[in-house]
1. Name the strands (runs of 3 or more DSSP E) wholly within region 117-158 that hold at least 2 residues that are under 17 Å from N3 (Cβ atoms)?
2. Could you tell me whether A97 is modelled with pLDDT of 95 or more, surrounded by 14 or more Cβ atoms within 10 Å (Cβ to Cβ) and not in a helix (DSSP H, G or I)?
3. Against the definition (at pLDDT below 95, outside any loop (DSSP other than H, G, I, E, B) and within 22 Å of V151 (Cβ to Cβ)), how does A23 come out, yes or no?
4. Would you check if G83 is at positive phi and modelled with pLDDT of 95 or more?
Amino acid sequence: MLNVGIGEYRVSNNQSEIMITHALGSCVALIIHCNHTNHTAMAHIVLPENSSIRNRALYKMKPGYFASDIVPVMVNYFLNELGCKKSQLEVHLIGGAVSGLPTDQFLVGQKNKAMVRHLVSTYGLKIDDSETGKRYSRTVTVKVSNGHIHVKRQNMIL
């Protein structure tokens, strides 16, 4: 089991490996799988945008923390480094829960989803985001060999 912690990302082509990330509330997991090379990547994204100089140190420690940083890195890796064609990529977005609190003025889950969708669309890629929103905490596993995803949902507690 290859654990993807908060703000981390992993890439693997080890066909026996399974990636996992835990407790996606407002955070989102971006998963990309290439059917041609059988590489799979997963990022546990916390915030939509890296908009501060002081966040540079955080980026070095947790390169998957901000969608604005990690989405281009992941997509370019598959397209340019691995030579995958857009038609060979499966892209999934999971998480981005809604807090349900009337005082939630930050709307982090919705902003994370919107940023990832926007960035992925700039590459002309389709994204499956059917497992986003609502009031669930999600644990996600993905098989590197075929990109098969399993999501375990748990109701969020306020």
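1. Details: elements: 128-132, 136-143, 149-155.
Counting at least 2 such residues, we get 136-143, 149-155.
2. Numbers: modelled with pLDDT of 95 or more: no; surrounded by 14 or more Cβ atoms within 10 Å (Cβ to Cβ): yes; not in a helix (DSSP H, G or I): yes.
No, not satisfied.
3. Details: at pLDDT below 95: yes; outside any loop (DSSP other than H, G, I, E, B): yes; within 22 Å of V151 (Cβ to Cβ): yes.
Criteria met by A23.
4. On the way: at positive phi: yes; modelled with pLDDT of 95 or more: yes.
Considered against the rule, which asks whether it is at positive phi and modelled with pLDDT of 95 or more, G83 comes out as yes.
Let's see how each residue does on (1) crowded, with 18+ Cβ neighbours inside 10 Å; (2) within 29 Å of E17 (Cα to Cα); (3) in contact (Cβ under 8 Å) with a residue 24 or more places away in the chain; (4) touching a helix residue (DSSP H, G or I) at 6+ places or on another chain (Cβ under 9 Å):
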{"residue": "S121", "(1), (2), (3), (4)": "no, yes, no, no"}
{"residue": "E131", "(1), (2), (3), (4)": "yes, yes, yes, no"}
{"residue": "V144", "(1), (2), (3), (4)": "yes, yes, yes, no"}
{"residue": "V151", "(1), (2), (3), (4)": "no, yes, yes, no"}
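The values are calculated or read from the model by the stated rules, or taken from the named source; none is laboratory data. Please read all numbers here as calculations on a predicted model, not as lab measurements. So basically every Cβ, Gly included, is an ideal-geometry build from the backbone, and we count neighbours across all protein chains shown.
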